[in-house]
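Heads up, the thing below is written out as structure tokens.
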């Protein structure tokens, strides 16, 4: 009996010794991008791009591949609605934050300023993450007060899509078959008239009724050497550059540059040869490429480059998806070790994410032949150097809502351009004073 008791005690001690390894909870990875776990649950091969069908599929396959290689440090996925911060706020309030979450970079200051995120600088070298390999824009987006609070997944933003067949019809391709893209307002107007006369369709389709134009407006401000913040970091939108940008937006709905009402679905208009070009996101490259390959779609050949230049210098709006760690300033050492192993692996395999259409964050891959080999990616390599990061300030979270409303009110004729910007400035001042 005594021997049996000793033997059972030894088994119990052995079980307790190994239980932290075999029974530890998986790392929780909270993300948006949609539900597709069931559809892609059996795919873990990152070497076959034919498996990739957009953001959801790629992030899920990356997670599957990680788990296949790291069964002792598994990750489980929690899917939330875009953009995810409502769910994050709820979890933080309940003291039940996920280990890792996908968050847009503009929201990092809001959480980092309250001590809710884990600074990652102390761990980077140990886990083989080279911060100097990040592009400047990517690094800026995950930084707050000189500390890194996330591992960037991409830089994304607006691109300019050109229908090569229609541009050729208008005589707007050079001897190498490349589009001759204007770079100032006067040349844009002349090109629009030439194009319209030759094709009968608008040159550059803009969003219907001025909806969602805050990002375009911001790009146009920076193209003039302007900014949306003053030296103290306060929002400043009612400026000469801001007015010139808004007046340009108001002028495009003339039936020649853009249709008089704009397009509710610009991708559909572009795919059906109803416009010579349009502005859309990096996230549409694969979709438009698939439509161009379809025999049922009029579009056949297209070229895509960074958001076009209208003023003195190129500039385009940008954003980022970043992997943050909402475990606070003093995370459990074992937990952060497991989290950093996952983040290190994701950064090492970031090249797979380039198949979303978004721009890679690692310069070593961005400058590689492998990146150039992905369809159309070399065409908009200029995006990386022209992308303007949003200011790293809390009021920026209100930027798009306020500017979208005021720009649309001007486009629809409810306000003058001057009044729209004055009202926007007043709203930003109130938000900056009381909303942070």
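The values are calculated or read from the model by the stated rules, or taken from the named source; none is laboratory data. Just so it is clear, the model here is predicted, and its values are computed rather than measured. As a convention, Cβ positions derive from the backbone with ideal geometry for all residues, glycine included, and neighbour counts pool all protein chains shown.
Tabulated results
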quantity	calculated
Given (1) under 27 Å from residue 194 (Cα atoms); (2) surrounded by fewer than 18 Cβ atoms within 10 Å (Cβ to Cβ); (3) under 25 Å from the mean Cα position of the chain (by Cα), number of the condition residue 290 does not satisfy	(1)
Tally of residues being within 18 Å of residue 415 (Cα to Cα) and either part of a strand (DSSP E or B) or in contact (Cβ under 8 Å) with a residue 24 or more places away in the chain (or both) across region 240-269	12
Residue in region 313-322 that is surrounded by fewer than 15 Cβ atoms within 10 Å (Cβ to Cβ), at pLDDT 95 or above and more than 25 Å from residue 88 (Cα to Cα) present	yes
Any hit, region 288-304, residues being without any contact (Cβ under 8 Å) to a residue 60 or more places away in the chain and either in contact with a strand residue (DSSP E or B) (Cβ under 8 Å, 6 or more places away or on another chain) or under 19 Å from residue 143 (Cα atoms) (or both)	yes
Residue in region 179-186 that is within 23 Å of the chain's Cα centre (by Cα) and surrounded by 13 or more Cβ atoms within 10 Å (Cβ to Cβ) present	no
Which numbered condition residue 181 fails, given (1) within 23 Å of residue 220 (Cα to Cα); (2) not in a loop (DSSP other than H, G, I, E, B)	(2)
Residue within region 285-300 that is at positive phi and outside any helix (DSSP H, G or I) present	no
Residue 285 vs. criteria in contact with a strand residue (DSSP E or B) (Cβ under 7 Å, 6 or more places away or on another chain), within 17 Å of residue 383 (Cα to Cα) and at pLDDT 95 or above	yes
Subset tally (residues that are under 20 Å from residue 172 (Cβ atoms) and crowded, with 20+ Cβ neighbours inside 10 Å) for region 260-273	3
Number of the condition not met by residue 380 [criteria: (1) under 17 Å from residue 107 (Cβ atoms); (2) assigned by TED's automatic domain parsing to the domain that holds residue 54]	(1)
Some residue of region 296-311 being over 30 Å from residue 186 (Cβ atoms), out of contact with any helix residue (DSSP H, G or I) (no Cβ under 8 Å at 6 or more places or on another chain) and not assigned by TED's automatic domain parsing to the domain that holds residue 379	yes
Residue in region 330-348 that is part of a loop (DSSP other than H, G, I, E, B) and surrounded by 21 or more Cβ atoms within 10 Å (Cβ to Cβ) present	no
Residue within region 349-363 that is farther than 30 Å from residue 28 by Cβ and touching a helix residue (DSSP H, G or I) at 6+ places or on another chain (Cβ under 8 Å) present	yes
Residues (surrounded by fewer than 18 Cβ atoms within 10 Å (Cβ to Cβ), assigned to a helix (DSSP H, G or I) and in contact with a helix residue (DSSP H, G or I) (Cβ under 7 Å, 6 or more places away or on another chain)) located in region 375-393	378
